[in-house]
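Everything on this sheet refers to the single structure shown next.
The values are calculated or read from the model by the stated rules, or taken from the named source; none is laboratory data. Here the structure is a predicted model, which means the values were calculated and not measured. Please note: Cβ atoms are built from the backbone with ideal geometry, for glycine as well, and neighbour counts cover all protein chains shown.
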Amino acid sequence: MAQLKKLHMTDNLDTLGQLSNIAIDLRGKSTKMLLLTARKLFMTAEEYRLDGDEEMAYISYMKYFKVITAIRQKPDYQSHKVQVKEALGDTEANRRIMDSLELITDSLSMRYSKLQKQTTALHSQPEPIRNGGCKALKSATSSTQATEYTRLGVVSCQELFERMHEKSVLVMDCRSSADYEKSHLTYVCAFNVPEDLITPGMSAGKLQARLSSSAKASWASRSIKDSVVLMDWNSKDAQPAANTAIATLLDILKNWDPDVTYRAPIQIVEGGYEYFIMMYPTHCTNPSVQAPQQNNNDIETIDDIEYPSISDITMKEDISPRDFRPRPDINRASKQAALRTYDQAKPIAEIMRDQAEFLQRAKHNDEQLDNAAKMWKRLIQQKSPSSDLSESDRQLLYKILQLENQAEDYKIENNRLRDDVERLKTSQTVAPQEVSPNEVEATRRIEWEIQQRQRRDEQYERQRQEREQQLAIAREAKKHYKPPSPPPEDASQNIESLVKPTTNGDADLDLVLEESLALQESLVFDDGQAEKPTFDRTTKPTSRPRSVEKTVSRARDFSPVEGPSMGKGLTGLKNLGNTCYMNSILQCLSNTPQLTEYCISDQYKSYISRSNKTNGQVIEEVAALIKVLWNGQYKCVASRDLRYVVGQYQRIFRGVDQQDSHEFLTILMDWLHSDLQTLDVPRIRETIGAAEKAWLDFTKAKESMILHLFYGQMKSTVKCVACHKESATYECFSNLSLELPPNANECQLSQCMDMYFSGERIHGWNCPNCKTKRDAIKKLDISKLPPVLVVHLKRFYADTSNTGAYVKKQNYLNFPLQNLEMNPYIARAESRAGTPKTYQLYAVSNHYGSMEGGHYTAFCKSAHYRRWFKFDDQVVSCLETPNVVSSAAYILFYTWLPPLQPL
């Protein structure tokens, strides 16, 4: 075993024990997944033990035994006993592991005790006299803060930012002077200690003599600041690698600076400047610089072997459909079944309370839906089948779709109550003599209300089918309707009407715009019957693409509607004719704080590319729109200019047909990245691993802020079942597309994740080692997590039983608003990276209706007001947090980035 490392986590075993707690609930995880986790924890603990890091070894061993306990408490433990033994060893093997843990515990106990005695002796000495006879006094507040700051030897970027706001911290940046000049903190108490000036063995006084005059003044303040923090490009540990500049500087300040008493132990910024610039780009002079690349060949070689054993891979067939929790099939005639559900049954009083609250909410929705249905019926009776819906007609239809979707969610809630009653009645069979007549009557009333709701749900389903038939008839009639030909007009006049700024917000303006756009197409795209532009996200063009002329210089037309604005970022977007798909995505992006601040502060202007297909026009229009949405002056605005620009480059976005918001988001992300892809990131291919090479191939050594925020990388591992040879490929992504279970009305996001990242068997794989076709196992893992993780739910699929027509899955997906844990789905290399693996939800793009006709909205959590809002085209309203999760959820936006200060 290597020499013991210094204590760096804490100063007592109790706190270390708290760090070994597992935050997630293990009860819902499959036994296979827990076995894989336990095996990885054991291997990690052994690595730390052999490396001499007793604290990290203790934490990993403790987590290992907690996972083992969770496995043994699983209901199916007996059926998996053989697999557990094969994966983790027998009782004797676990006893040896426990012996190792006890030895580490005893050693840590002695070391902590010795450390505390040294600290007590140090504090009992008289405080040194500084600054001409005056003692360096600390206030009680400062002492308390220092204690809070020094729990660990590292400080997070978020905590550093808070201290910068208080101006209580001194930041020493020990990157090279050239890197510091390119980009550094805008914080007044941060300065550069160039790495080339820092040499081992020198004292603090000698280092100070080498600094510039301005740096010397900052250096002298290290004794009066509440805390001193060191920063380089990307150090993550309290004990950085030996012979690095930050490790040498830390040693100088700790051991060779006798004239200064620090108010708190010196800390290192976790993740360095690379993390800070990602989290707080506007607090850096140049947020688009890149950290120099390091040689990771040794690490990458290890990471190429992702799964030492095939048994480590959880297979798709190991995840039972029953895991998606359909309605339980309870055999009330079986006493054994009754005993199993006895502890799970809710008391009758709690079920009654839940039903009363549920019925009150459902009744309010029923009243609105009934009124809207009556208005729709009168509307259909007055209109001819071939006539178009007016704007008010469409708004009524959108309202009905949302109310029906809410009714579907209430249907699921009613089914939950039904299951609660079933469990209650089953539990009552255990001791029927204890069931009072009042409880029997209460149960009967609950069941009657449940049946009443079921009949109401059936009525709504009939109304929905009737309306769908009416709309289908109207669509078919419109196909065969031939309007009279309009008289010829002068094309130049139409062009003038398009480029001329307008302020009229009449509904007819949308039609004028569409006609003008159609005419403009024939002039801009002069190739007659132009084919639909192809879009391949896996490759980049090797030559400059055909350039589209820039739009005619004109004042942007946002057609603002003035009125009582709800506040910054709470401006609605007009529907310009089935553009709700676009509005929904734009509001989600507008509520991405780092992107919004990047646009509002005009930082994007320094990085626009004019040599790509879109000529930088897309980012310009998106930034202009975000600025208007956040000025807090208007009730709603129109995204006409942005719509016109995206229509130039993708035909499907020109007309008034409904489009898929996921397709729009994916294309828009690539356009925005391309518009800002000007950051040169030099890398030497011979010194980087396979994952970095794949990243380099995707970016062509040019990156962007969009890439840094939204793009991640997926690792696909294929393992031969015969020789166990592994082959890995890498692909970049801007969102994850997850399948929904086909036969589950209700499911969990974690279950969909488990399915997506589980292994699958493939046949006929050309094994490079066996030199023949073999069966193999394919497994996906995330090799690079993005700061903003976008999750797309694949609700639409081709129904082979219905001529291949696309239909929609209406599953009610439970997804977490906080603490989405991605640790189970990442590759080995990413697990060692210090970036957070826990995400918080901040936006949802919703879809209501079906493929034939639907509507999009957005739910967004404002970073400015710290609460949720609903964005329904031009209408913005407050949203209660419990209503964020619904069966309409289509695209989820998660982030681990901290919320920024209010704009």
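Worth a mention:
- Residue ID - nearest to the chain's Cα centre (by Cα), chosen from residues in region 190-212 that are under 28 Å from Pro281 (Cβ atoms), touching a residue at least 24 places away in the same chain (Cβ under 8 Å) and part of a loop (DSSP other than H, G, I, E, B): Val193
- Applying a threshold of 6 Å to beta carbon distances and a minimum spacing of six or more residues, or different chains, the list of pairs starting in region 438-454 at a residue that is assigned by TED's automatic domain parsing to the domain that holds Ala356 and ending at one that is of a type in the set (Lys, Arg) reads Ile450/Arg418.
- Among the residues listed as Tyr180, Tyr187, Tyr112, the single one being modelled with pLDDT of 90 or more and part of a helix (DSSP H, G or I): Tyr180
- Test for Met705: is it at pLDDT 95 or above, over 30 Å from Ile777 (Cα atoms), buried (at least 21 other Cβ atoms within 10 Å of the Cβ) and among the hydrophobic types (A, V, I, L, M, F, W, C): no
- Residue match in region 849-869 (condition: modelled with pLDDT of 95 or more, of a type in the set (Lys, Arg) and not assigned by TED's automatic domain parsing to the domain that holds Leu573): yes
- Ala238 touching a His at 6+ places or on another chain (Cβ under 8 Å) and either part of a strand (DSSP E or B) or aliphatic (A, V, I, L, M) (or both): yes
Okay, residues lined up against (1) hydroxyl-bearing (Ser, Thr, Tyr); (2) in contact with a Lys or Arg (Cβ under 8 Å, 6 or more places away or on another chain); (3) closer than 26 Å to Ile310 by Cα:
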{"residue": "Met33", "(1), (2), (3)": "no, no, yes"}
{"residue": "Met43", "(1), (2), (3)": "no, no, yes"}
{"residue": "Tyr48", "(1), (2), (3)": "yes, no, yes"}
{"residue": "Asp53", "(1), (2), (3)": "no, yes, no"}
{"residue": "Ser60", "(1), (2), (3)": "yes, no, yes"}
{"residue": "Ile68", "(1), (2), (3)": "no, no, yes"}
{"residue": "Asp90", "(1), (2), (3)": "no, no, yes"}
{"residue": "Asp99", "(1), (2), (3)": "no, no, no"}
{"residue": "Tyr112", "(1), (2), (3)": "yes, no, no"}
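- The sole residue among Arg464, Arg455, Arg423 that is part of a helix (DSSP H, G or I), basic (Lys, Arg) and surrounded by fewer than 17 Cβ atoms within 10 Å (Cβ to Cβ) is Arg455.
- Failed item in (1) touching a helix residue (DSSP H, G or I) at 6+ places or on another chain (Cβ under 9 Å); (2) under 21 Å from Ser845 (Cα atoms), with Tyr607 passing the rest: (2)
- Residue within region 198-216 that is hydroxyl-bearing (Ser, Thr, Tyr), within 19 Å of Ala291 (Cβ to Cβ) and surrounded by 14 or more Cβ atoms within 10 Å (Cβ to Cβ) present: no
- Ala146 meets the stated requirement of being among the small types (Gly, Ala, Ser), within 30 Å of Met62 (Cα to Cα) and at pLDDT below 50.
- Wholly within region 266-359, helices (runs of 4 or more DSSP H) carrying at least 2 residues that are at pLDDT below 55: 297-303, 335-342
- When the residues of region 879-897 are filtered to those that are aliphatic (A, V, I, L, M) and in contact (Cβ under 8 Å) with a residue 60 or more places away in the chain, the one that is farthest from Thr838 (Cα to Cα) is Ala888.
- In region 753-795, the qualifying residues are those that are touching a residue at least 60 places away in the same chain (Cβ under 8 Å) and more than 21 Å from the chain's Cα centre (by Cα), and the one that is farthest from Ser831 (Cα to Cα) is Arg761.
- For region 34-52, the criterion of being among the acidic types (Asp, Glu), more than 28 Å from Ala241 (Cα to Cα) and assigned by TED's automatic domain parsing to the domain that holds Asp90 is met by none of the residues.
- Where strands (runs of 3 or more DSSP E) fall entirely within region 737-836, those with at least 3 residues that are surrounded by fewer than 19 Cβ atoms within 10 Å (Cβ to Cβ) are at 760-767, 772-784, 796-799, 805-808.
- Verdict on Ile608 being under 25 Å from Lys702 (Cα atoms) and modelled with pLDDT of 95 or more: no
- Selected residue (criterion: farthest from Phe815 (Cα to Cα)) from residues of region 10-53 that are among the hydroxyl-bearing types (Ser, Thr, Tyr) and assigned to a loop (DSSP other than H, G, I, E, B): Thr10
- Pair list, Cβ < 6 Å and 6+ apart or interchain, from region 681-702 residues that are farther than 20 Å from Ser727 by Cα and at pLDDT below 90 to residues that are of a type in the set (D, E, K, R) and outside any loop (DSSP other than H, G, I, E, B): Val681/Glu703
Here's the yes/no breakdown for (1) of a type in the set (S, T, N, Q); (2) under 18 Å from Ser750 (Cα atoms):
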{"position": "Gln840", "(1), (2)": "yes, yes"}
{"position": "Phe869", "(1), (2)": "no, no"}
{"position": "Gln874", "(1), (2)": "yes, no"}
{"position": "Ser887", "(1), (2)": "yes, yes"}
{"position": "Ile891", "(1), (2)": "no, yes"}
{"position": "Pro898", "(1), (2)": "no, no"}
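- Scanning region 51-82 for residues that are over 32 Å from the mean Cα position of the chain (by Cα), of a type in the set (Lys, Arg) and crowded, with 19+ Cβ neighbours inside 10 Å yields a total of 0.
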